[in-house]
Amino acid sequence: PRKVTAAALGAVFLLCGWEASFAQGVLDEWNSVKAPPPPPILDATIDTNTTALFVMDFNSKNCKPEGRSRCAAVIPPIQKFLARARSSQMIIVHSYTPNMEEADILPALKPIAGERIVQVRGDKFDKNDLAESLKAKGISTIVTIGTSANGAVLFTAIGASQRGFKVIVPVDAMPADTAYQEQFSVWEIANGPTIREVSTLTTLDRIKFQP
């Protein structure tokens, strides 16, 4: 039989010990992980002829102070921004999830005639012709407003980047159930592969319309 050297045995024990110490990965470090600094928030100027606004998944059944207070708090500024987009003749896309009816969309943000509506969970480009339809109309950039940050906004922003769109993300218009969900979604958009190269993080009041 082959002889096993002490060095070889040591290497095996060392490897086994290393694997054991990392058996749970980040779970072992969970309480010591420190949030990185926030990414830069920039001004954004949108060309209304080549930009579409997505308003996603605002459900009147839960987006209220006694339900999801973070969602309810941002509705007035989003409603104001939606009015600006409409007055600028922007293309606007609304969405609702499979566990909603179209009638559940929050009254303050309801679609009007001529605005596209899709029913899909997560990435709003999934299993429909939305990307092709927007590109046919000359759209190259989308603005993502929606709930939740870690659902509709994050998935749609990534989906848009993979389909060749640029993405403008107002961080004050992506309410989730908790601040942490919004934080890690913002971090991923700022740092994730592909999406970081085509996204701009901003706020509603720092978006200018052109022309």
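The values are calculated or read from the model by the stated rules, or taken from the named source; none is laboratory data. Model, not experiment: these values are computed from the prediction. Here the Cβ is made from the backbone with ideal geometry for all residues, glycine too, and neighbour counts use every protein chain on show. Heavy atoms of the whole protein, side chains included, go into the accessibility calculation; ligands, DNA and RNA do not. Shrake-Rupley method; radii C 1.70, N 1.55, O 1.52, S 1.80 Å.
Worth pointing out:
- Residue match in region 74-95 (condition: within 16 Å of Val153 (Cβ to Cβ), touching a His at 6+ places or on another chain (Cβ under 7 Å) and part of a strand (DSSP E or B)): no
- Restricting attention to region 179-211, the residues that are small (Gly, Ala, Ser), more than 17 Å from Ala52 (Cα to Cα) and without any contact (Cβ under 8 Å) to a residue 60 or more places away in the chain total 2.
- Residues in region 173-185 that are farther than 29 Å from Gly138 by Cβ and open to solvent by less than 20 Å² (accessible area, probe 1.4 Å): Pro175, Ala176.
- Cβ separations smaller than 9 Å between residues 6+ apart or across chains give the following pairs from region 157-170 residues that are closer than 19 Å to Ala44 by Cβ to residues that are open to solvent by less than 50 Å² (accessible area, probe 1.4 Å) and of a type in the set (Phe, Trp, Tyr): Ala160/Phe54; Ala160/Phe125; Phe165/Phe125; Pro170/Phe81.
- Some residue of region 156-172 being touching a Gly at 6+ places or on another chain (Cβ under 9 Å) and open to solvent by 30 Å² or more (accessible area, probe 1.4 Å): yes
- In a residue-by-residue description of region 142-161, the property of being in a loop (DSSP other than H, G, I, E, B) and either within 20 Å of Asn62 (Cβ to Cβ) or among the acidic types (Asp, Glu) (or both) applies to at least one position.
- Unmet criterion (only one of (1) touching a strand residue (DSSP E or B) at 6+ places or on another chain (Cβ under 7 Å); (2) surrounded by 16 or more Cβ atoms within 10 Å (Cβ to Cβ); (3) free of Cβ contacts under 8 Å to residues at least 40 places away in the same chain; (4) not in a helix (DSSP H, G or I)) for Ile117: (2)
- Considering residues of region 45-54 that are open to solvent by 10 Å² or more (accessible area, probe 1.4 Å) and assigned to a strand (DSSP E or B) only, the residue farthest from Val74 (Cα to Cα): Asp47
Here is a yes/no grid of residues against (1) at pLDDT 95 or above; (2) of a type outside the set (Phe, Trp, Tyr); (3) assigned to a loop (DSSP other than H, G, I, E, B):
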{"position": "Lys3", "(1), (2), (3)": "no, yes, yes"}
{"position": "Phe13", "(1), (2), (3)": "no, no, no"}
{"position": "Leu27", "(1), (2), (3)": "no, yes, no"}
{"position": "Ile41", "(1), (2), (3)": "yes, yes, yes"}
{"position": "Gly67", "(1), (2), (3)": "no, yes, yes"}
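- Odd one out for Ala176, checked against (1) out of contact with any strand residue (DSSP E or B) (no Cβ under 9 Å at 6 or more places or on another chain); (2) assigned to a helix (DSSP H, G or I); (3) touching a residue at least 60 places away in the same chain (Cβ under 8 Å); (4) of a type in the set (A, V, I, L, M): (2)
- Every residue from region 123-138 that is open to solvent by 10 Å² or more (accessible area, probe 1.4 Å) and either over 12 Å from Val93 (Cβ atoms) or part of a loop (DSSP other than H, G, I, E, B) (or both): Asp123, Asp126, Lys127, Asn128, Asp129, Glu132, Lys135, Ala136, Lys137, Gly138
- Residues satisfying the stated conditions in region 96-114, i.e. of a type in the set (Asp, Glu) and in a loop (DSSP other than H, G, I, E, B): Glu101
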